[in-house]
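Read through the structure below, which is laid out as structure tokens, and then see the notes.
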Amino acid sequence: MKFAFIAAKQGDFPVVWLCRRLGVSSSGFYRWQASGEPPRARRDKQLGVLIRASHERSLGTYGSPRIHRDLKEQGVRVGTKRVARVMREHGLSGLRPRRFRKTTDSDHAQPIAEDAVKRNFSPTAPNAIWASDITYVRTWAGWLYLAVVIDLYSRRVVGWAIADHMRTELVMTALGRAISSRQPAPGLVHHSDRGSQYASRAHRDLLAHHGIRCSMSRKGDCWDNSVVESFFGTLKQELLYRRSWPTKQAAVDAIAAFIDRFYNPRRRHSTLGYTSPIEYEMMTARIQKAA
């Protein structure tokens, strides 16, 4: 395994240096390299090392398309079908989101805003459309509820809050954090379902105070807020469903790390050309500045 890693990296670093770092001899590496193993088999071993490293960095979540993009950025020329084959041979696979249930209650007498988004999930600038929703988190100590605000431009989670209740304060905290971190100009559209928390007077007043337009999905249509639902599916499949949560604090800490250290800065998003939300914002800002 160590020799395969050295072979994969020898174009980037001196072989002697790599051998010393891994605690093997350079002569042993050259004997292994000249052992007569078929070149394709040797190359597959090298790919296996790099693929496993990429898979581990993704917390065991990436499938072949995202791992292929990782390898491409490392200068490794290989096709997606070969990546998929080597992954199967090593018993590696990505994760697929499960379906999940809605948590908000739309059976109330509060005012309902019109749908100003109409499934336009690809705005051309940041802070043009935000989408928000609530989901549940099961722990041995009881339920938690997570509210998020996502910028549809980059799919970045710009605000979130978690609590052991679903009261209006939960969504207002998430929205307040998003406003504080992004400082949006008036005219931003905030989209949610028709839940009583989002339709409440306090939440509508907070939106109005910052010049944010309120938009709500059509009744019972989950596709009208599918970007946030997709994020919740990712969070649950890649983090929450993979282990038990004995305490609420353990779940809170893990969710914070997932959002702030993995999802926003590192996780490759298929709709963003397999860049992360933060990378996408930085890349498009550079392009616009150069134009």
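Basic (Lys, Arg), at pLDDT below 75 and in a loop (DSSP other than H, G, I, E, B): is that true of residue 77 in this structure? Here the answer is no, as residue 77 does not meet what is asked. Across region 214-229, what is the number of residues that are more than 16 Å from residue 158 (Cβ to Cβ) and crowded, with 17+ Cβ neighbours inside 10 Å? The qualifying residues number 6. All of (1) surrounded by fewer than 19 Cβ atoms within 10 Å (Cβ to Cβ); (2) within 30 Å of residue 275 (Cα to Cα); (3) in contact (Cβ under 8 Å) with a residue 12 or more places away in the chain hold for residue 114 with one exception: (2).
Among the residues of region 40-58, is any part of a loop (DSSP other than H, G, I, E, B), touching a helix residue (DSSP H, G or I) at 6+ places or on another chain (Cβ under 8 Å) and modelled with pLDDT under 75? There is at least one residue in region 40-58 that is part of a loop (DSSP other than H, G, I, E, B), touching a helix residue (DSSP H, G or I) at 6+ places or on another chain (Cβ under 8 Å) and modelled with pLDDT under 75.
For every residue, the table says whether it meets (1) open to solvent by less than 40 Å² (accessible area, probe 1.4 Å); (2) in contact with a Ser or Thr (Cβ under 9 Å, 6 or more places away or on another chain); (3) of a type in the set (Asp, Glu).
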residue	(1), (2), (3)
135	yes, yes, no
140	no, yes, no
153	yes, yes, no
156	no, yes, no
165	yes, no, no
171	yes, yes, no
177	no, no, no
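Taken over region 193-205, residues that are among the hydrophobic types (A, V, I, L, M, F, W, C) and surrounded by fewer than 19 Cβ atoms within 10 Å (Cβ to Cβ) amount to 1.
Taken over region 170-216, the criterion of being closer than 18 Å to residue 123 by Cα, of a type in the set (D, E, K, R) and touching a residue at least 60 places away in the same chain (Cβ under 8 Å) is satisfied by 213 alone. Just one of the numbered conditions (1) in contact with a Phe, Trp or Tyr (Cβ under 6 Å, 6 or more places away or on another chain); (2) open to solvent by 60 Å² or more (accessible area, probe 1.4 Å); (3) not basic (Lys, Arg) is not true of residue 190: (2). None of 66, 101 is modelled with pLDDT under 80, under 19 Å from the mean Cα position of the chain (by Cα) and open to solvent by 30 Å² or more (accessible area, probe 1.4 Å) except 66. Looking at 184, 277, just one residue is open to solvent by less than 40 Å² (accessible area, probe 1.4 Å), of a type outside the set (Val, Ile, Thr) and out of contact with any Lys or Arg (no Cβ under 8 Å at 6 or more places or on another chain), and that residue is 184.
Selection of region 252-265 for residues being touching a residue at least 60 places away in the same chain (Cβ under 8 Å) and open to solvent by 30 Å² or more (accessible area, probe 1.4 Å) yields only 252.
The values are calculated or read from the model by the stated rules, or taken from the named source; none is laboratory data. On a predicted model such as this, the values are computed, not experimentally measured, just so you know. In this analysis, Cβ positions are derived from the backbone assuming ideal geometry, glycine residues included, and neighbour counts consider all displayed protein chains. Just so you know, the surface numbers come from the protein's heavy atoms only, side chains and all, with ligands and any DNA or RNA stripped out. Shrake-Rupley method; radii C 1.70, N 1.55, O 1.52, S 1.80 Å.
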